[in-house]
Amino acid sequence: MIHAKKFLSLLAALVALSPVANAHRTATPPDKIRLPEGFAIELLYSVPRDDQGSWVAMCQDDKGRLIVSDQYGGIYRFPIPAPGQSVDPASIEAITYSADESSVRKGEKKPEAKPVNPELLKLPNIGHAQGLCYAFDSLYVVVNSKSSATGSGVFRLLDTDGDDQFDEIVTIKMLTATGGEHGPHAIVPAPDGKHLYVVMGNQTQLPDDYTHSRVPEVWGEDQLLPSLQHFMVGAEAPLGHVAQIDPEGKKWEIVATGFRNQYDLAINREGELFTYDADMEWDLNTPWYRPTRINHIIDGAEFGWRTGSGKMMEYCSDTFGAVVDIGPGSPTGVAFGYGAKFPAKYQNALFVCDWSYGKLFAVHLDENGSTYSGSFEEFAGAQPFPLTDLLVNPHDGAMYITVGGRRVQSGLYRVTYTGDESTAPVEASGSENEAREKRHALETFLQAGAAEASSGEIDTIWTALGSSDRGIRHAARVALEKQPVANWSDRLSKEENPVIATAAMIALARVDGKQSGSEILEKAMSFDYASLKNRQERLDVLRSITLALTRGGMPSEALKGELITWLDPVYPARTPEENRDLSAIAAYLEAPFAVEKGMALLMGASGQEEQIGYALNLRHLKQGWTPELREQYFKWFVLAGSYRGGARLANYLADIKKHAIAAIPEGEMTPALTELIETAPKSNDPQFTLEPRNFVKMWTMEDLTPLLGAGLEGNRDFKNGRQMFGAGTCYVCHRFNDEGGAVGPDLTSVGGKFSPHDLLEAIVDPGKEISDQYGGSIFKMKDGTEVVGRIMNMKGDNYWVNTDMMTPSTITQVNADKLESVEPSPISMMPAGLIATMNEDDILDLLAYLISGGNPDHELFDK
């Protein structure tokens, strides 16, 4: 083993910008940042961008100093200033080393020599870091940049002679990252004191030499029909993972996969891992859009990210889902409030940073069996406020926050509590969680070196498949997938419990679909679908059929005919989620009823997401069309031209239309159909039905208040309420039961938060009370002009401002150098008059639908 000694030093960086240069290069002033009552925030340092870049990661070393990294440059450390003081620029040291030798010590083998660019000798030769962690008497650095001196990977800086200066660098693991900001990110110490966790986005390949995977290595895309792709085209699972490593990097264990671009993770007192995963903003208002979300990372979990339209839905039981959806944004740093001198509520909170919208959320987690549920609130926010990382300093109980990234103005803040509530440390409850212990026991079968389960242990695993606890059920299924198929597959034929059977069918399809596909399909058809009262049971039957087909291929003609016969009375089903899956299965099998039933659902769907899902599944079908149905289908594309969404919505719709045109047999392309196909889409306000809606009235609360009470007493129409949610264009901005946009608040639980009167008032008069979380800002320019909207993205001195919530891709660029001020807007970004085409019954049905949380069995509805 070659030890190529590097003489690393700490180079003092005395930085002071001239008053003229610094006039507009300051981080957002503290008085512009919203905080809960009793909290205060100080701006400790505005980073001189030309010298120290834009900071994106932070940690503390063993002496309590902060270590920070520039996204495209070096790493710096400095002492935390005393209360009331700012960072002394003279105290900031740049971590660098002399590059007189070109090799870097590696644990097992020497990497290929790379030519040294003389210009790099002027810069710190370890940098471009998006993860920092001081542990095991060393600094771990996660580099995310192919253009850096080291390349992407995990590195360890050592101080071998105890002089407080790093003098050796060890390559823990080189990583292959195919793109920019979705590469390797954070590194965090494990609570056992023996390991670390490393976080990698979906453009980071699993290392070829990983030592073990707790996730069953049966990766698959599982698409019945080809997915639509406009980003990371051709990317396939497994991507986006969390790994556990030892201090030397000799072991690299895959803990969980299927993330999009989680940047950081945090560990609670019980040793459970959490992260904040990214959405794909281009997918807004498509059926496959997934908001940013909090994930509870359990061993062996698959979180379902796939490129384009192929993402696994929340209800798929072979993914683990989310604790709570947050909304659109760009997740960065996360940390628990442990050690903060804050009120108890915030000590226990999980704090998560949203870079693009400038919001720090406090997520309040509640134990929910072996896993968690949660709620969240905006804790801090401003425009701009591009949060990148945060930590709690255990020595002073304050929270430290960095802003920066993409070369925007960077800064360091300190948050303290000055209110009257008690800040006494909150101790762990110490109470046992039986459900969590059961999940952990099942997860022992996923660990490296785990012995093959005995017959009795398989009994335990099998029984746990029927648990009502999603965490236990997930752990049992992946534990089963880790066992030899021959040891458990014969149990399926005799299993009558649909919860156990469907979980076992999903497991069997994943590990042995080619051999067992027919058996799974026959078992699925043995269930009386209509008698399954639980929606998740029905969805799991459909998921097992889907996986049997994606893993096992098209069944024999005889079995295919049986399956089509079984599907006919089942399809359509009661819920949109079931119908989405059923329409895909029917299209894949080319069932004779696929077109007719799919078109009926398309024409009756209440919003664009549901409609797009059916249109997507119909696009490749060549048989079953009548001239009338085909005309309706292509009229829908004209209607869909007004639909609003993310930047790639138009591309997705164009792809669906292109595939649909290609499926038309040559003899059926009539002149009338050609003319319809060539009809330009309309670019007006979105309308979700081919039948136009007429103006009824500009309703006021004076008109509608007398209708409340008796009007909401068990006689409402669920289906019409859902239709009105679409007619009012609510889906364009709002999430409801995992459907719709996400630029406005999620409305799924509003029935438990607002009275009918208050809810109705928010619809009729959206400007009466504007939430800080969703309000707009007025960007006043030096030339006297104004831009009103919300920052959605930024780079350098430019802000991308969305000026129309109804059209998330409507962007105006604002240059910070030309900006005079940013002030809160007193006008709601939600327009008035959205219920002007509804009559009294329509409005009451909509109100009942919102109050019910989308539950058709709610007492408000006529049975």
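The values are calculated or read from the model by the stated rules, or taken from the named source; none is laboratory data. Computed from a prediction, not measured in an experiment: that's the story for all the values here. All Cβ positions, glycine included, derive from the backbone under ideal geometry; neighbour counts span all protein chains shown. Surface accessibility is based on the protein's heavy atoms, side chains included, excluding ligands, DNA and RNA. Shrake-Rupley method; radii C 1.70, N 1.55, O 1.52, S 1.80 Å.
For this structure, a couple of remarks:
- Out of Gly561, Gly553, sole residue that is without any contact (Cβ under 8 Å) to a residue 24 or more places away in the chain and closer than 29 Å to Ala660 by Cβ: Gly561
- Subset tally (residues that are more than 21 Å from Leu673 (Cβ to Cβ), outside any loop (DSSP other than H, G, I, E, B) and not aliphatic (A, V, I, L, M)) for the range 632-662: 2
- Inter-residue pairs, beta-carbon under 6 Å, first modelled with pLDDT under 90 and in the range 683-702, second surrounded by 11 or more Cβ atoms within 10 Å (Cβ to Cβ) and aromatic (Phe, Trp, Tyr), 6+ apart: Pro686/Tyr643
- When Arg619, Arg648, Arg644, Arg580 are checked against the criterion of being open to solvent by less than 10 Å² (accessible area, probe 1.4 Å) and in contact with a helix residue (DSSP H, G or I) (Cβ under 6 Å, 6 or more places away or on another chain), a single residue qualifies: Arg619.
- Of all the residues in the range 651-686, those that are within 29 Å of the chain's Cα centre (by Cα) and open to solvent by less than 40 Å² (accessible area, probe 1.4 Å) number 5.
- Residue match in the range 340-349 (condition: crowded, with 21+ Cβ neighbours inside 10 Å, in contact with a Leu (Cβ under 7 Å, 6 or more places away or on another chain), modelled with pLDDT of 95 or more and of a type in the set (Ser, Thr, Tyr)): no
- Single residue of the range 656-676 satisfying the filter (out of contact with any helix residue (DSSP H, G or I) (no Cβ under 9 Å at 6 or more places or on another chain) and of a type in the set (D, E, K, R)) that is nearest to Ser227 (Cα to Cα): Lys658
- Every residue from the range 302-339 that is surrounded by fewer than 24 Cβ atoms within 10 Å (Cβ to Cβ), part of a loop (DSSP other than H, G, I, E, B) and of a type in the set (Phe, Trp, Tyr): Tyr315, Tyr338
- The set of residues in the range 194-212 being open to solvent by less than 40 Å² (accessible area, probe 1.4 Å), in a loop (DSSP other than H, G, I, E, B) and not hydrophobic (A, V, I, L, M, F, W, C) consists of Gly201, Asn202, Gln203, Pro207.
- Condition met for Leu601 (modelled with pLDDT of 95 or more, open to solvent by 10 Å² or more (accessible area, probe 1.4 Å) and touching a Pro at 6+ places or on another chain (Cβ under 7 Å)): yes
- Criterion applied to Phe351, Phe342, Phe361, Phe379 was being touching a strand residue (DSSP E or B) at 6+ places or on another chain (Cβ under 7 Å), in a loop (DSSP other than H, G, I, E, B) and of a type outside the set (Gly, Ala, Ser), and the one residue passing it is Phe342.
- Screening Gly327 on (1) at pLDDT below 95; (2) touching a strand residue (DSSP E or B) at 6+ places or on another chain (Cβ under 6 Å) shows it passes everything except condition (2).
- The condition of being within 28 Å of Tyr571 (Cα to Cα) and open to solvent by 10 Å² or more (accessible area, probe 1.4 Å) holds for only one of Glu457, Glu495, that being Glu495.
- If you go through the range 263-298 and keep only what is more than 19 Å from Arg470 (Cα to Cα), surrounded by fewer than 24 Cβ atoms within 10 Å (Cβ to Cβ) and among the polar types (S, T, N, Q), you end up with just Asn268.
- Of all residues in the range 422-447, those satisfying the criterion of being assigned to a helix (DSSP H, G or I) and not β-branched (Val, Ile, Thr) are Glu434, Ala435, Arg436, Glu437, Lys438, Arg439, His440, Ala441, Leu442, Glu443, Phe445, Leu446.
- Candidates Gly419, Gly374, filtered to the one that is modelled with pLDDT of 95 or more, touching an Asp or Glu at 6+ places or on another chain (Cβ under 7 Å) and either farther than 15 Å from Val334 by Cβ or assigned to a loop (DSSP other than H, G, I, E, B) (or both): Gly419
- For the range 716-734, the condition of being open to solvent by 70 Å² or more (accessible area, probe 1.4 Å) and either at pLDDT below 85 or assigned to a loop (DSSP other than H, G, I, E, B) (or both) holds for at least one residue.
- In the range 424-454, the residue that is surrounded by the most Cβ atoms within 10 Å (Cβ to Cβ) out of those that are under 31 Å from the mean Cα position of the chain (by Cα) and of a type in the set (A, V, I, L, M) is Leu442.
- Looking across the range 535-573, the residues that are assigned to a helix (DSSP H, G or I) and polar (S, T, N, Q) come down to Gln536, Ser544, Thr546, Thr550, Thr565.
- Residue in the range 526-536 that is open to solvent by less than 40 Å² (accessible area, probe 1.4 Å) and under 33 Å from the mean Cα position of the chain (by Cα) present: yes
- Listed conditions (1) of a type outside the set (A, V, I, L, M, F, W, C); (2) open to solvent by less than 20 Å² (accessible area, probe 1.4 Å); (3) part of a strand (DSSP E or B) are all met by Gly397, apart from (3).
- For the range 663-681, filtered to residues that are part of a loop (DSSP other than H, G, I, E, B) and touching a residue at least 12 places away in the same chain (Cβ under 8 Å), the residue that is farthest from Pro287 (Cα to Cα) is Thr670.
- The listed residue being in contact (Cβ under 8 Å) with a residue 40 or more places away in the chain, among the acidic types (Asp, Glu) and closer than 30 Å to Glu590 by Cα, out of Asp222, Asp209: Asp222
- Scanning the range 730-751 for residues that are farther than 21 Å from Met701 by Cα and either small (Gly, Ala, Ser) or free of Cβ contacts under 8 Å to residues at least 40 places away in the same chain (or both) gives His734, Gly740, Gly741, Ala742, Gly744, Ser749.
- The residues listed here are Ala27, Ala57, Ala40; of these, the one that is hydrophobic (A, V, I, L, M, F, W, C), part of a strand (DSSP E or B), at pLDDT 95 or above and within 27 Å of Glu823 (Cβ to Cβ) is Ala40.
- Residues in the range 505-533 that are outside any helix (DSSP H, G or I) and of a type in the set (A, V, I, L, M): 1 in all.
- Flag if Val233 is out of contact with any Lys or Arg (no Cβ under 7 Å at 6 or more places or on another chain) and outside any loop (DSSP other than H, G, I, E, B): no
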